[in-house]
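A.B. asks: Pasting a structure below so you can have a look.
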Amino acid sequence: MANILVTGGAGFIGSHTCVELLDAGHDVIVFDNLCNSSVESLQRVEQLTQKNIIFIEGDIRKQQQLDEVFQQHQIDAVIHFAGLKAVGESQKIPLAYFDNNVAGSTTLFKAMEKAQVFTLVFSSSATVYGDTHPSPLKETMPTGMPNNNYGYTKLIVEQMLEKLAEADARWSIALLRYFNPVGAHESGEIGEDPQGIPNNLMPYVTQVAIGKREKLSIFGHDYDTVDGTGVRDYIHVVDLADAHLCALNNRLKDTGCRAWNIGTGNGFSVLQIRNTFQDINQVDVPFEYSARREGDVATCFADNQRALDELGWQPKRGLKEMLKDSWNWQKKNPQGYRST
Ligand code: NAD
Ligand code: WQD
C-alpha cells in the first residue's frame, strides 16, 4: 500500500478518487486551495470510508508549501487534479489558467523532483485531440490544437511531461484523457457541486429537474448526428476514479510517459441524455433548442481499447447508473455541499 498525494482532492473527481484509494488501503494526503470545493466533501469521504485523510490547504503555485508537504510526508506517488476547468472562463481570463494549470503544474513537478518522487497520474482531457479527428479518438492520433485556453493548458502540460520523461528515465507518468465525467457516488453523499450556472450538461439537467433552473437549452439540433444534437462519451465518475487506481498500479511497475483514453467508447446525444434522464428518474426536464455553442463539435467519443488492454480497467456503470446517481446526489443535496 502506498502514500498518495492528491492535488485537487476536494473536487468532483478528486473526492471520488479518494474514496477508491482509501477503500483499496492506500493512505491519502489531499492538497487543495478550495477555490472550487469545500472540506465538506472530504469529511463525507471520511464518513463513507471510515478512514482518515490528511488535508493540507495550499496552492500548487506556492513552491514552499509544496516542498514542506514532501518534507513532512513520505509520498510514493502523486495524482494531480488541481486546476481550473471552465472553458468559457479560460477565454476571458487566460492568465489565470496558465498560472494555475501550467505554472502550478511546473511548481508541483519541481517539488516532486526535489523530493525524488517520480510517479504521477495527470488529469488530462480529450480536448487535447483538437477538433479535426473523427471519433472514435485513439491515443495513436496526433494531438491537435484545442480551441480554447483551458484545453491548451492541458496540451502544454502533457507535452511538458513527455519531455520530462524523455530527459529523465526515473519519471513514470500516466496521462489520463478523460471524456465527459458525470454521475456521483451511489450513496449520494459526494458529487459534482458547480458554483453558479453550470457549464456542463449533466449538472444543468439535474438543476432543471430540481426546479433551480427553468429549462435546459440544447445547443444546436442541426448536427450530423442521430437526432441533430451533440454526441459525447459520458463516463461514470466512480469508473473514472477507478481508472486512477489502475493507472497508479501500472505506473508503480513501469517508467516513461503514456496516455490513456478514459471513456466508455459509447456516444450519446444531448436529447438521448435528457430523454433517458426523464424516463429513469421519472422527473420532467423541460428544454428548448438554441443556437450551437461556439467551439462545440458534433461528435466526440473514445476508443478505450488501450486502457482496457494495458490498465486492466473496465467501465462497469452504464448510462442508466450515471443518470440515476447524478439525480440521487442532486436530490439529496439540492444546494450542493452548501446545504449542510
Ligand atoms: P474540480 O474543480 O471539482 O476540482 C479541482 C480541484 O482543484 C478543486 O478542489 C480546486 O479547489 C482545486 N484547485 C484548483 N486550483 C488549485 C490550485 N492552484 N492549488 C490547489 N488546488 C487547486 O474539477 P474536477 O471536475 O474534479 O476536475 C479535476 C481535474 O480533471 C482538473 O484538472 C480538470 O481540468 C480535469 N478534467 C475534468 C473534466 C471534467 O469534465 N470534470 C474533464 C477532463 C479533465
Ligand atoms: C456536452 C454536450 C453541449 C450544456 C467539456 C469541456 C471538456 C471537458 C468536459 C474538462 C455538448 C451540450 C451542454 C447545456 C447543451 N472538460 N450542452 N446544453 O463540451 O463535451 O466538454 O467538459 O476537461 O474539455 O469542453 O461537455 O457537458 O459542456 O457538453 O446542449 O446547457 O451537451 O453542446 O454537446 P463538453 P458539456
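The values are calculated or read from the model by the stated rules, or taken from the named source; none is laboratory data. Quick caveat, the model's predicted, so the values are computed rather than measured. Here Cβ is always computed from backbone atoms with ideal geometry, including for glycine, and neighbour counts include all displayed protein chains. Note: areas computed on protein heavy atoms with side chains; ligands, DNA, RNA excluded. Shrake-Rupley method; radii C 1.70, N 1.55, O 1.52, S 1.80 Å.
A.B. asks: Given the condition surrounded by 19 or more Cβ atoms within 10 Å (Cβ to Cβ) and assigned to a loop (DSSP other than H, G, I, E, B), answer yes or no: does some residue in the range 118-130 qualify? If you could, list the steps in order and put the result at the bottom.
C.D. replies: Keep residues of the range 118-130 that are surrounded by 19 or more Cβ atoms within 10 Å (Cβ to Cβ), which gives 118-129.
Then keep just the ones that are assigned to a loop (DSSP other than H, G, I, E, B); that gives 118.
Among the residues of the range 118-130, at least one is surrounded by 19 or more Cβ atoms within 10 Å (Cβ to Cβ) and assigned to a loop (DSSP other than H, G, I, E, B), which makes the answer yes.
A.B. asks: Kindly indicate the residue of the range 173-202 that is in contact (Cβ under 8 Å) with a residue 12 or more places away in the chain and of a type in the set (Gly, Ala, Ser) and also farthest from Phe268 (Cα to Cα) among those meeting that condition.
C.D. replies: This residue is Ala174.
A.B. asks: Out of the residues in the range 24-55 that are of a type in the set (Val, Ile, Thr) and touching a His at 6+ places or on another chain (Cβ under 9 Å), state the one that is most open to solvent (accessible area, probe 1.4 Å).
C.D. replies: Let us first name the residues in the range 24-55 that are of a type in the set (Val, Ile, Thr), namely 28-30, 39, 45, 49, 53-54.
This time we only want the ones that are touching a His at 6+ places or on another chain (Cβ under 9 Å), so: 29, 45, 54.
On the way: Ile29: 9, Val45: 0, Ile54: 78 Å².
This residue is Ile54.
A.B. asks: Give me a count of the residues in the range 2-23 that are more than 23 Å from Ala111 (Cβ to Cβ) and open to solvent by 10 Å² or more (accessible area, probe 1.4 Å).
C.D. replies: Final tally of qualifying residues: 3.
A.B. asks: Residues in the range 247-297 that are among the hydrophobic types (A, V, I, L, M, F, W, C), surrounded by 15 or more Cβ atoms within 10 Å (Cβ to Cβ) and within 16 Å of ligand 2 (Cβ to nearest atom): how many? Steps first, please.
C.D. replies: Looking only at the range 247-297, we keep the residues that are among the hydrophobic types (A, V, I, L, M, F, W, C), and these are 247-248, 252, 257, 259-260, 262, 268, 270-271, 273, 277, 280, 283, 285, 287, 291, 297.
Those left that are additionally surrounded by 15 or more Cβ atoms within 10 Å (Cβ to Cβ): 247-248, 257, 259-260, 262, 268, 270-271, 273, 277, 280, 283, 285, 287, 297.
Okay, now just the ones that are also within 16 Å of ligand 2 (Cβ to nearest atom), so 259-260, 262, 268, 270-271, 273, 277, 285, 287, 297.
Number of matching residues: 11.
A.B. asks: Which residue pairs have Cβ atoms closer than 7 Å, lie 6 or more positions apart in sequence or on different chains, and pair a first residue in the range 148-166 that is under 22 Å from Gln91 (Cβ atoms) and of a type in the set (S, T, N, Q) with a second residue that is open to solvent by less than 60 Å² (accessible area, probe 1.4 Å) and within 14 Å of ligand 2 (Cβ to nearest atom)?
C.D. replies: Asn148/Ser90; Asn148/Gly295; Asn149/Ser90; Asn149/Tyr97; Thr153/Tyr97; Thr153/Asn101
A.B. asks: Looking only at the range 322-340, filter to residues that are open to solvent by 70 Å² or more (accessible area, probe 1.4 Å) and assigned to a helix (DSSP H, G or I); which one of those is farthest from Ile235 (Cα to Cα)?
C.D. replies: Pass one, the range 322-340, residues open to solvent by 70 Å² or more (accessible area, probe 1.4 Å): 324, 331-332, 335, 338, 340.
Subset that is assigned to a helix (DSSP H, G or I): 324, 331-332, 338.
Numbers: Lys324: 13, Lys331: 21, Lys332: 21, Arg338: 26 Å.
Taking the candidates together, the pick is Arg338.
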